[in-house]
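Structure record follows, encoded as structure tokens.
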Amino acid sequence: MIRKTLVAAAALMVIISCSRHQETEFFTGRVDFPVEPYLGVKEAMAARLIPHPRQLEWQQMEMTAFIHFSINTFTDREWGTGKESPELFNPVSLDAEQWVRVLSEAGMKMIIITAKHHDGFCLWPTRTTTHSVASSPWKNGQGDVIRELRDACEKYGMKFGVYLSPWDRNAECYGDSPEYNRFYMEQLTELLTWYGKVDEVWFDGANGEGPDGRRQEYDWQAYYDLIRELQPDAVTAIMGEDVRWVGTESGYGRETEWSATVMAPGGTPESAAINKALGIDAMSADLGSSNLLSKAEHLFWYPAEVDVSIRPGWFWHASEDSLVKDVSKLADIYLSSVGRNAVLLLNVPPDNRGLITDHDIRSLQGLRAWIDNLYAVDLLNGARPYGQGTSNLIDNDNTTTWSPRHNRVASFVPAIAATFNVAMLQEDITRGQRVEKFIIEALYEKMWDTIATGTTIGYKRMIRFPEVKADEIRLTIISSRSTPHISTFALYHAD
Ligand code: FUL
């Protein structure tokens with residue numbers, strides 16, 4: 001009884017001090033909860049968990065591209081065996097500038113390339129193995145795909161990332177854990193020191209058996225430490241610590257997507273133990289609700305990345321040229337990834353000439369035109385919230401951010417009378433992710449109608465609905481962890 005009273009008193013003090021420091025104290029990347037706090041204390045702390053600057057910069061890119069290109073491009077396979085001859089690799093018309101131009105024009109802000117896929121073939125002349133471009137006929141063994149792509153990225157102001165598969169079906173030392181970890185870190189070191197700035201390191205989760213059946217234990221912590229030392233601003237993804245796999249490869253993220261999540265990042269045994277105790281993994285439907293918060297001891301800023309291929313496979317196959325996703329599918333994916341608080345990582349695999357095909361280019365151009373058209377006119381056009389509750393609105397920068405404190409209702413009059421079918425909301429995540437539930441209503445011919453409801457917002461939330469015309473629009477934040485900070489509310493018309 002005494003213990004409970006003490007805990008309650010301590011919790012009350014934390015609540016008081018939390019609210020006092022509410023807008024000034026933030027936790028970057030991770031917050032550890034005090035022992036046995038009330039849920040209210042945890043929620044107040046969760047509201048002030050913010051991204052690391054490198055995670056914020058990553059999130060703001062919104063659209064990034066994947067390039068799967070390797071020996072599989074020449075063998076018509078998705079997973080190579082590791083026994084393929086490097087002689088097969090000969091992309092005679094390879095033009096990395098074409099890749100970057102096409103992807104840049106599509107709106108992509110970064111390109112991540114498979115420097116090594118599971119088959120172990122290296123796209124750069126590594127010193128660690130002969131299983132690389134150096135043993136191929138391409139440019140008489142003098143070529144370096146990573147160098148060509150890096151230079152092209154530099155030229156077009158594109159960020160650059162590498163995928164280095166931990167699973168390696170060619171390396172003889174795979175399965176001899178310390179030996180392979182050294183080998184893998186040498187490969188990482190080459191990629192992170194020979195080519196200038198690297199913005200993302202993508203660690204795949206696949207972990208197959210070694211040649212003699214032994215299982216490889218990856219030294220994740222050593223990999224992370226090496227990256228922090230060599231490329232401190234690079235985000236590490238998937239089995240990495242900064243960017244979380246959304247849990248599908250379909251292009252569709254969760255409608256409720258918490259970047260502030262109880263899921264412990266990365267592949268270390270410590271993280272695995274935390275996630276096991278909570279009964280969650282990357283595919284769980286719920287990774288951040290208050291119900292989970294009540295059980296958790298830590299909360300992490302670990303935002304979602306949606307990886308999906310523009311084709312059925314990750315690698316180019318001639319038979320899939322006719323199966324490239326069309327504009328309406330890509331637009332739907334955009335709304336379901338970027339529009340669901342995630343970064344889109346769209347895979348566009350070059351063919352065996354070393355070029356992105358016209359089929360893919362057509363779809364990418366269509367996507368870009370659709371996006372430009374979507375954002376062309378904001379029907380609210382910076383309209384200030386007014387009416388019910390405005391006395392409680394706090395303008396933070398007097399332009400777009402507003403923070404309804406008590407009465408969380410704000411009304412807007414569309415600047416242009418036109419129909420719309422997409423709403424976009426953004427939270428100022430530099431002050432945390434807070435909104436748990438919202439509703440958007442429209443007044444037309446003196447009748448209020450609910451046009452959209454949603455849960456989380458985060459960096460960006462977009463909702464599509466049947467076309468609406470309105471004299472007035474009302475946004476109500478129904479529940480939120482602490483004062484919400486809405487940085488954008490916009491209405492658009494999508495084709
Ligand atoms: C998966 C891999 O096994 C696929 O081949 C592909 O690289 C995809 C992005 O990740 O885990």
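Residue count for the stretch 461-481 under the criterion of being over 19 Å from PRO385 (Cβ atoms) and open to solvent by less than 40 Å² (accessible area, probe 1.4 Å): the result is 3.
Taken over the stretch 156-177, the criterion of being more than 16 Å from the ligand (Cβ to nearest atom), under 21 Å from GLY208 (Cα atoms) and aliphatic (A, V, I, L, M) is satisfied by ALA171 alone.
When the stretch 243-259 is filtered for residues that are part of a loop (DSSP other than H, G, I, E, B) and open to solvent by less than 20 Å² (accessible area, probe 1.4 Å), the ones remaining, listed by number, are VAL246, GLY247, GLY251, GLY253, GLU257, TRP258, SER259. The residue that is modelled with the lowest pLDDT, counting only those in the stretch 152-178 that are under 20 Å from HIS118 (Cα atoms) and assigned to a helix (DSSP H, G or I), is SER177.
Hey, can you tell me all the residues within the stretch 29-59 that are small (Gly, Ala, Ser) and within 12 Å of ALA296 (Cα to Cα)?
Taking the stretch 29-59 first, the residues small (Gly, Ala, Ser) are 29, 40, 44, 46-47.
ALA46, the sole residue that qualifies.
Taking residues in the stretch 263-279 that are more than 17 Å from ASP204 (Cβ to Cβ), and partners anywhere that are part of a helix (DSSP H, G or I) and among the acidic types (Asp, Glu), the pairs with Cβ atoms closer than 9 Å and at least 6 places apart or on different chains are ALA264/GLU270.
Among all residues of the stretch 207-221, there is at least one that is at pLDDT 95 or above, more than 16 Å from the ligand (Cβ to nearest atom) and not aromatic (Phe, Trp, Tyr).
Conditions tested, residue by residue: (1) in contact with a Ser or Thr (Cβ under 6 Å, 6 or more places away or on another chain); (2) hydroxyl-bearing (Ser, Thr, Tyr); (3) at pLDDT 95 or above.
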{"position": "GLU436", "(1), (2), (3)": "yes, no, yes"}
{"position": "ASP449", "(1), (2), (3)": "no, no, yes"}
{"position": "ARG464", "(1), (2), (3)": "no, no, yes"}
{"position": "ARG474", "(1), (2), (3)": "yes, no, no"}
{"position": "SER479", "(1), (2), (3)": "no, yes, no"}
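Pairs linking a residue in the stretch 306-323 that is of a type in the set (Lys, Arg) to a residue that is away from the ligand (no atom under 12 Å from the Cβ), with Cβ atoms under 7 Å and 6 or more positions apart or on different chains, are ARG311/GLU320; ARG311/LEU323; ARG311/VAL324. Among the residues of the stretch 78-119, those identified as in a loop (DSSP other than H, G, I, E, B), surrounded by fewer than 24 Cβ atoms within 10 Å (Cβ to Cβ), within 16 Å of the ligand (Cβ to nearest atom) and not charged (D, E, K, R) are TRP79, GLY80, THR81, GLY82, HIS118.
Within 21 Å of GLY29 (Cβ to Cβ), part of a loop (DSSP other than H, G, I, E, B) and in the same structural domain as ASN341 (by TED's automatic domain parsing), is that true of ASP233? Yes, satisfied. Just one of the numbered conditions (1) farther than 20 Å from ALA134 by Cβ; (2) within 16 Å of the ligand (Cβ to nearest atom) is not true of THR73: (1). Does ASP307 satisfy being charged (D, E, K, R), assigned by TED's automatic domain parsing to the domain that holds ARG340 and not in a loop (DSSP other than H, G, I, E, B)? When the stated conditions are applied, ASP307 passes them. Of the listed requirements (1) open to solvent by less than 30 Å² (accessible area, probe 1.4 Å); (2) within 30 Å of ASP351 (Cα to Cα); (3) of a type outside the set (Lys, Arg), VAL262 misses just one: (2). Note on the stretch 265-295: among residues that are polar (S, T, N, Q) and part of a helix (DSSP H, G or I), the one that is surrounded by the fewest Cβ atoms within 10 Å (Cβ to Cβ) is ASN291.
The values are calculated or read from the model by the stated rules, or taken from the named source; none is laboratory data. All of these numbers come straight from a predicted model, not from anything done at the bench. Heads up, the Cβs are rebuilt from the backbone with ideal geometry, glycines too, and the neighbour counts pull from every protein chain shown. SASA here: full protein model, heavy atoms, side chains in, ligands and nucleic acids out. Shrake-Rupley method; radii C 1.70, N 1.55, O 1.52, S 1.80 Å.
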